[in-house]
Amino acid sequence: MRSWRGTSASSCWARRWLSTMAPIRCVGAITGPGKGLRRALSALSFQISRGLWKKYGDKRVIDTPISEMGFAGIAVGAAMAGLRPVCEFMTFNFSMQAIDQVINSAAKTCYMSAGLIGVPIVFRGPNGAAAGVAAQHSQCFAAWYGHCPGLKVVSPWSSEDAKGLLKAAIRDDNPVVMLENELLYGVPFELSEQAQSKDFVIPIGKAKIEREGTHITLVSHSRLVGHCLEAASVLAKEGVECEVINMRTIRPMDIEAVEASIVKTNHLITVEGGWPQFGVGAEICARIMEGPAFNYLDAPAVRVTGTDVPMPYAKILEDSSTPQVKDIIFAVKKVLNI
Amino acid sequence: ASRVMVASRNYADFANEATFEIKKCDLHRLEEGPSTTTVMTREEGLQYYRTMQIIRRMELKSDQMYKQKIIRGFCHLYDGQEACCVGLEAAIKPTDHVITAYRAHGFTYTRGVPVREILAELTGRKGGCAKGKGGSMHMYTKNFYGGNGIVGAQVPLGAGVALACKYFGKNEICLTLYGDGAANQGQIFETYNMAALWKLPCIFICENNRYGMGTSVERAAASTEYYRRGDFIPGLRVDGMDVLCVREAGKFAAEYCRSGKGPIVMELQTYRYHGHSMSDPGISYRTREEIQEVRSKSDPITLLKDRMVNNNLASIEELKDIDAAVKKEVEEAAQFATTDPEPPLEELCNHIYFNEPPFEVRGANQWIKYKSVS
């Protein structure tokens, strides 16, 4: 899967309003074990499902009515009965209507049945802030889903992440929530030979060091990994070398990767798009405090997050509601006292 | 004095089968309904009788154990509604699928879980069908998806199971049960729409026992004709206290679904003797007289017994023997459920994931760690 179908954020936005008129929410059912190949049917939203229905037809790519609670429950039931569905939410904001099915029906069933019933389902869709979509369409759900035992939660940044994590999610016999990002759909990434191969899979639960550094560790997920890398290249000109870690998985979190990095750099900043309270960064900081890496910190760990406010519409306000590159640079300099 | 044989019991004296008139079902968007006569064999009758008695005894035993505080938390009892699960099970195959809500002990039994495993699950022991980790509302077995605690959530799940049935093409169907209280949930209407749109082989079954927790149907629903609530989906209203009526309607509905026509709704008019759960005495919103009237005039087990005896399918003594055997089985199961040990602490964090390599789980503080295996 080489490309996130390239469209700029603004035309994605236009397309989405169109599609609320002609609803396109896909539940792609994937053939169960014993039926041959399991194909990564990424029924991605906006344009991404284009071509899938043509190729696989009604039986495997299902266009649903706008009934999130209903179709999420149907997807979970189908998973319990032996299919391997990929259930798409147009954005994760709408998953709130179905969240009971994700948590109480999907996440907890294996435990409640003492391992009798597995739920091999993937819930995917865009998460977090887009551009100009305002408060009800901009929430980040990483912390909410990351809170729950029984779920796995992944958050891709690059095309390689998207492909490898989606394949891993589909192959996983457990419920996986895949938090994509609408603004990233339009961004092209290099894809290595290895990543282009048919069976390229990224293990769930392993972070990746996107950039090595020695002075400070920046830990992030999804779109803000890109912001961290931009900040790192600006800071490099001033002689500050940042190590940028792309979490890739929110739950189970690869805290060991962060710890190993802190042993090297002695400083930590977490960067996320979601709100600060009870968030991903808060969890990382708490775990670092509790673990061996605490003794290697030369300064308190710091969080860069979305502003603690429902997302406003006006561009000037919106720009101050999600972390900008300058906010990351400012934080780095504060932590390093430069 | 010579010995004279006063009476003898000879099984050749019984009839092999008998034909019964059953109540006509109310129909919605259907030209024809289930037959109003049905044949029941002696063997079938004895099996239905035994099964309903086991469930009755099991539920009463649970009541007792709950009051002794050996069962904790939620306990929603099914006594009074036995004809529903027994009749439905008689109408379908073991390879069909069933999902229901929290008043699930009856179906758990008819779907194949032994009484001792049900009671041990209620008492939270390792011999319970979910190793003690699920409790009353979370019992599962092959082709039975629980046992669901969130009112109405099981309905989309059931349609999903039906979708899988259709996909695999093995002519299986899914019975998706819910109560009169759940019938007002929005997600059920979302599910009706999708099931009808995609012609899912799903039988939506409303077990209308007249009360959603403590609220009577008249006070909860603008329309209490639950068999019509599927609107564009055909429906049947069935006497849920008559096991044969439920069986015939179940067969009718199963055939409808299997023929590819799509979903169908069944409303079973039934009654629960207990309150909503063990925390509800069940008499603040209904009268003792009403409960007594149902018991004396419509009890499903008594109805079946009278039919069998009056039609020479069984004798009173024979049924009494079954009662004694059932009592013994339930007593032994209860004995097991009170003496089996609780699950070991090592079990605490197992089965968080399915088919996963072992991993560590955080306990109450960072120094307490558990292992999780699948």
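The values are calculated or read from the model by the stated rules, or taken from the named source; none is laboratory data. Remember, predicted model here, so these are calculated numbers, not experimental data. A quick note on method: Cβ atoms are made from the backbone with ideal geometry, for glycine too, and the neighbour counts reach across all protein chains shown. Remember, those area values only see protein heavy atoms, side chains included, never the ligands or the DNA or RNA. Shrake-Rupley method; radii C 1.70, N 1.55, O 1.52, S 1.80 Å.
Local charge for A:ILE202 was computed over the other residues whose Cβ lies under 9 Å away, with Lys and Arg +1 and Asp and Glu -1, and equals +3. GNM on chain A, alpha-carbon springs under 10 angstrom: the most fluctuating residue among A:GLN101, A:GLN194, A:GLN324 is A:GLN194.
Once the C-beta distance of B:ALA15 and A:GLN136 is scaled by a Förster radius of 60 Å, the resulting FRET efficiency is 0.30 to the nearest 0.05. When DSSP beta bridges are restricted to pairs lying wholly in chain A, around 30% turn out antiparallel. So what's the angle, to the nearest 10 degrees on a 0 to 90 scale, between helix A:255-265 and the longest Cα principal axis of chain A? In chain A, helix A:255-265 runs at an angle near 20 degrees to the longest axis.
Work out the mean other chain Cβ neighbour count within 10 Å for the residues of B:141-149 and drop it here as an integer.
Values: counts 3, 2, 1, 2, 9, 7, 3, 4, 4.
The per-residue average across the peptide is 4.
For Cα pairs less than 8 Å apart in space and 6+ apart in sequence, what is the mean separation divided by the residue count of chain B, i.e. the relative contact order in percent? Answer for chain B is 21 percent. Counts of other chain beta carbons within 10 angstrom of each beta carbon in peptide A:115-121 average 6. Between the helical axis of A:224-236 and the longest alpha-carbon principal axis of chain A there is an angle of about 20 degrees. Per-residue 3J(HN,Hα) values for the stretch B:343-352, derived from phi via the Karplus relation 6.51 cos²θ - 1.76 cosθ + 1.60 with θ = phi - 60°, read x, x, 4, 4, 7, 3, 9, 6, 6, 5 Hz in sequence order (x marks Gly and Pro).
Where in the stretch A:47-95 are there chymotrypsin sites (Phe, Trp or Tyr not before Pro) that are in a DSSP coil and have at most 11 other Cβ atoms within 10 angstrom of their Cβ? Walk me through the intermediate numbers first.
Values: sites: A:TRP53, A:TYR56, A:PHE71, A:PHE89, A:PHE92, A:PHE94; in loops: A:PHE89, A:PHE92.
Qualifying residues, ordered by number: none.
Qualifying trypsin sites (Lys or Arg not before Pro) in the stretch B:45-148, where qualification requires a DSSP coil assignment and no more than 14 other C-beta atoms within 10 Å, comprise B:LYS69, B:ARG72, B:LYS142. Between the stretch B:272-340 and the stretch A:208-285, what's the alpha-carbon centroid distance in Å? Computed from Cα coordinates, the inter-centre distance equals 64 Å. The share of accessible area on the stretch B:103-206 that comes from carbon and sulfur is 50 percent, using a 1.4 angstrom probe. When only alpha carbons of the protein assembly as shown are considered, Rg and Dmax amount to 29.4, 123 Å. Bridging of B:LYS61 to lysines at a Cα separation below 19 Å is possible for B:LYS69, B:LYS320, B:LYS327, B:LYS328, once same-chain residues fewer than 8 apart are set aside. Packing-based ranking of A:106-115, B:300-309 yields A:106-115, B:300-309, ordered from highest to lowest mean Cβ neighbour count within 10 Å. Entry note, the protein assembly as shown: the mean residue ellipticity at 222 nm calculated from DSSP H runs of n ≥ 4, each adding -39500 (n - 2.57), is -11000 deg cm²/dmol after division by the residues and rounding to the nearest 500. When chain B is treated as a GNM with alpha-carbon contacts under 10 Å, the residue of B:GLU44, B:GLU293, B:GLU31 showing the greatest mean-square fluctuation is B:GLU31. In this structure the amide hydrogen of B:THR141, modeled in the peptide plane, comes within under 5 Å of the amide hydrogens of B:GLY146, none closer than 5 places in sequence on its chain.
What relative contact order, as a whole-number percentage, does the stretch A:183-338 give when Cα pairs under 8 Å and 6 or more residues apart are counted?
Working: 261 pairs, mean separation 35.6, N = 156.
Contact order relative to length: 23 percent.
Taking chain B as a Gaussian network, Cα atoms linked when under 10 Å apart, which of B:GLY262, B:GLY179, B:GLY169 shows the biggest mean-square fluctuation? It is B:GLY169.
Evaluated over the stretch A:155-279, the count of Lys pairs having alpha-carbon atoms less than 29 Å apart is 12 (only pairs 8 or more residues apart or interchain). The GluC sites (Glu not before Pro) found in the stretch A:127-207 that occupy coil by DSSP, while having at most 12 further C-beta atoms within 10 Å, are A:GLU190. Once the Cα atoms are used to define both axes, helix A:280-290 deviates from the longest principal axis of chain A by about 60 degrees.
Return the average number of partner chain Cβ atoms within 10 angstrom of each residue Cβ along peptide B:125-134. Show your work: numbers first, answer last.
Details: counts 0, 1, 0, 1, 3, 7, 4, 1, 5, 7.
Per-residue shielding by partner chains comes out at 3.
A cut-off under 13 angstrom between Cβ atoms defines the neighbours of B:GLY149, and their net charge, with Lys, Arg +1 and Asp, Glu -1, is +1. Reducing the stretch A:96-175 and the stretch B:252-268 to their Cα centroids gives an inter-centroid distance of 34 Å.
Sequence-distant contacts, meaning Cα pairs under 8 Å at least 6 residues apart, place the relative contact order of the stretch A:223-315 at 28 percent.
Can you give the accessible area buried between chains B and A, summed over both chains, with a 1.4 Å probe, in Å² to the nearest 100? All intermediate terms of the calculation are to be shown ahead of the outcome.
Details: alone 18330 and 15330 Å², together 29990 Å².
Accessible area lost upon association: around 3700 Å².
Backbone amide hydrogens, once placed in the peptide plane, bring B:ASN350 within less than 5 Å of B:VAL373, excluding anything fewer than 5 places away on its chain.
If you add up the charges near A:LEU116, with Lys and Arg at +1 and Asp and Glu at -1, over every other residue whose beta carbon is less than 11 angstrom from its beta carbon, what do you get? Walk me through the numbers on the way to the answer.
Values: positive: B:LYS131, B:LYS133, B:LYS142; negative: none.
Summing Lys/Arg as +1 and Asp/Glu as -1 gives +3.
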